[in-house]
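The values are calculated or read from the model by the stated rules, or taken from the named source; none is laboratory data. Because the structure is a prediction, the values reported are computed rather than measured. Backbone-built Cβ (ideal geometry, glycine too); neighbour counts: all protein chains shown. Areas reflect the complete protein model, heavy atoms only, side chains present, ligands, DNA and RNA absent. Shrake-Rupley method; radii C 1.70, N 1.55, O 1.52, S 1.80 Å.
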Amino acid sequence: MIRGGLVSISFRKLSPQEIVALVARSRVRGLEWGGDVHVPHGDRNRAAEVAAMTRDAGLVVAAYGSYYRAGEPPGADNPDFGAVLESAIRLGAPTIRVWSGRQPSAADDEAYRSRVTADLQRIGALAAPHGITVTCEHHAHTLTDSRASALRLYADLAAANVQPYWQPAPELSPSDNLAILHDLLPRLVNAHVFHWVVTAGRRERCPLSAGSHDWSGYLQAMAATGRTHWALLEFVKDDRPEQFLEDAAALDGWLAALH
């Protein structure tokens, strides 16, 4: 089963209360709460407050979107994983999303890859006793930025509590994106949902409904696993709450057609 939700950092300027109210108006029920603004890493009180307001609105915490970069030292732009984990526990998140480093896979730096992989194993082991899965976002300039590199990473993490997220790469064709998704399906947790087009090298956000053909294929592939996944809306055109409501209605309609 696939359930719909929102990535909270789509609306960084809104408060958690405003985001909860917005999602409660929509046709999706889940929230991936972001760790940079809405549920700051290590702020246990805020995490508990946001968890309560989410539940009270009849919504579900789908994930904690952290900004932890595996293999990198803690610092101003990389939180300590202990703080990240504490927030996820208080939030009641089943998943912590992280990034697999900050170096593109094309750099072909074996020492760096080994360091990122070892750190992912470490944080996965820390999260496991709490029933929390660590997931890697598929993002540029990380070790999941290509099909080959991502598959190697998950092969190296075969026994670890670390699994993939997925999102389409706008520069790739729908068939190429679908091929990558199929590769990840055995271990896939969630997906980020948006529709962009690339024109003359420039990315443009579009209403989700414009991506109906592409997303029908992606969602059908995800549904075939038989597991529960969250399809989490992100990158709303013009950052408009009303556009999110339209996108949520489109997503909900596609999901309803799958069941």
Checklist entry - Among all residue pairs at least 6 apart or on different chains, which show Cβ distances below 6 Å where the first residue, located in the stretch 72-94, is open to solvent by 40 Å² or more (accessible area, probe 1.4 Å) and the second is at pLDDT 95 or above and not in a strand (DSSP E or B)? => result Pro74/Asp80; Glu86/Arg44; Ile89/His130; Arg90/Arg44; Arg90/Ala47; Arg90/Ala48; Gly92/Ala51
Next on the checklist: Out of everything in the stretch 113-143 that is hydroxyl-bearing (Ser, Thr, Tyr) and open to solvent by less than 10 Å² (accessible area, probe 1.4 Å), what residue ends up being farthest from Trp230 (Cα to Cα)?
Outcome noted: Thr142
Item to check | Where a residue in the stretch 241-259 is under 14 Å from Phe194 (Cβ atoms) and its partner, wherever it lies, is among the small types (Gly, Ala, Ser) and not in a helix (DSSP H, G or I), with Cβ under 6 Å and at least six apart | outcome: Ala248/Ser26; Leu251/Gly4
Item to check | Hits in the stretch 10-59 - residues which are touching a Phe, Trp or Tyr at 6+ places or on another chain (Cβ under 6 Å) and open to solvent by 50 Å² or more (accessible area, probe 1.4 Å) | outcome: Asp36
Item to check | Given (1) surrounded by 20 or more Cβ atoms within 10 Å (Cβ to Cβ); (2) basic (Lys, Arg); (3) part of a helix (DSSP H, G or I), index of the condition Arg97 fails | outcome: (3)
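If I ask for residues that are assigned to a helix (DSSP H, G or I) and touching a residue at least 60 places away in the same chain (Cβ under 8 Å), which ones from the stretch 24-50 would you list?
Answer for the stretch 24-50, where residues must be assigned to a helix (DSSP H, G or I) and touching a residue at least 60 places away in the same chain (Cβ under 8 Å): just Arg25.
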Item to check | Where Val7 falls short, out of the listed (1) touching a helix residue (DSSP H, G or I) at 6+ places or on another chain (Cβ under 9 Å); (2) open to solvent by less than 20 Å² (accessible area, probe 1.4 Å); (3) in contact (Cβ under 8 Å) with a residue 24 or more places away in the chain | outcome: (1)
Item to check | Hey, Ala257 farther than 15 Å from Ala169 by Cα and over 15 Å from the mean Cα position of the chain (by Cα) or not | outcome: yes
Checklist entry - Which residues, counting only those in the stretch 105-143, are modelled with pLDDT under 95 and part of a loop (DSSP other than H, G, I, E, B)? => result Asp108, Asp109, Glu137, His138, His139, Ala140, His141
